[in-house]
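Read-outs: derived from the displayed coordinates by stated rules, not from any lab. This one's a predicted model, so the numbers in the text were calculated from it and none came from an experiment. Positions of Cβ are backbone-derived with ideal geometry, glycine not excepted, and every protein chain shown enters the neighbour counts.
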């Protein structure tokens, strides 16, 4: 890393940004041509340093960044990174003006946030670009498939909200038994059919996390999201070691 530290302890955590570049290229090579690559740099890039990791990933071909909080997205913007950033987690409605002002995409599943984004978009004269999050079985956040039609009715009344993307998240793609992950993907495709029937056709569909990139090629769609694999770590012991991932962090000490 570029930063220099004054320290007296003999133990260091060393970050190899070259390994980030390598991992982006290795994981990206597993996806079809034209599939975009999102580098997930939430939680200060899993403690590795969000800004330097994002820059290294961008230089290796990542065209999107994923974060958990709006504050993390604004940090990237403040560092001069202009690539699309998607906040994957929940964001309060009060944050809508800041998100629209910084051209940060938000995961959308909350009606109050949708209304606030529409108001912010109309005030600023620019669309609020969102990625509709569908909960196909993770049980964390997202619109449930049975509630999707009603949510689309709401979005139809909010012209300032542009549904640029739609996505879901796998709960068990890092397990040997991929049957539930495939069930989730099937539910996701049924939701995509409903969106199309309602005239909503997001240009970016995504589902694959690191485990999905490695084990479920049918889930790659328009974009993949590399989190833990970006840092050279497999999602679990059950995922087949099919890619030459290199650890980004190394602990060193003198004894």
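Using only helices, what value at 222 nm comes out for the chain when you add -39,500 (n - 2.57) per DSSP H run of length 4 or more and divide by the total residues, to the nearest 500 deg cm²/dmol?
That calculation yields -10500 deg cm²/dmol at 222 nm.
What number in nm² do you get for the chain if you take the convex hull of its Cα atoms and divide its surface by four?
Mean projected area of the Cα convex hull: 14.8 nm².
Rounded to the nearest 10 degrees, what's the angle between the helix 50-60 long axis and the longest principal axis of the chain, both from Cα atoms, 0 to 90?
90 degrees
Can you give me the Cα centroid spacing of segment 69-126 and segment 192-238 in angstrom?
If we compute the Cα centre of each part, the gap is 22 Å.
Got the relative contact order for segment 15-249 handy, in percent, Cα pairs under 8 Å and 6 or more residues apart?
21 percent
Can you sort 172, 11 so the residue with the fewest Cβ neighbours within 10 Å comes first?
Least crowded to most crowded, the residues run 11, 172.
Can you give me the P(r) profile for segment 24-147? Cα pairs, bins 10 angstrom wide beginning at 0, each as a whole percent.
Binned Cα distances yield the sequence 13, 39, 35, 12, 0.
Place the peptides 237-244, 174-181, 36-43 in order of packing, highest mean first, counting for every residue the other Cβ atoms within 10 Å and averaging per peptide.
Top of the packing list down: 36-43, 174-181, 237-244.
Any chance you could give the angle, 0 to 90 degrees and rounded to 10, that helix 179-197 forms with the longest Cα principal axis of the chain?
Helix 179-197 sits roughly 40 degrees off the main axis of the chain.
If you count the DSSP beta bridges with both ends in segment 15-249, what percent of them are antiparallel, to the nearest 5?
5 percent
In what order do 77, 203, 9 fall by count of nearby beta-carbon atoms within 10 Å, going from fewest to most?
9, 203, 77
Once the Cα atoms of helix 111-124 and of the chain are each reduced to a long axis, what angle between those two axes, in degrees from 0 to 90 to the nearest 10, is obtained?
The two axes meet at around 90 degrees.
Please give, to one decimal in nm, the separation of the simple spin-label points placed at residue 237 and residue 12, each 7 Å out from Cα toward the Cβ.
The answer from the label model is 3.3 nm.
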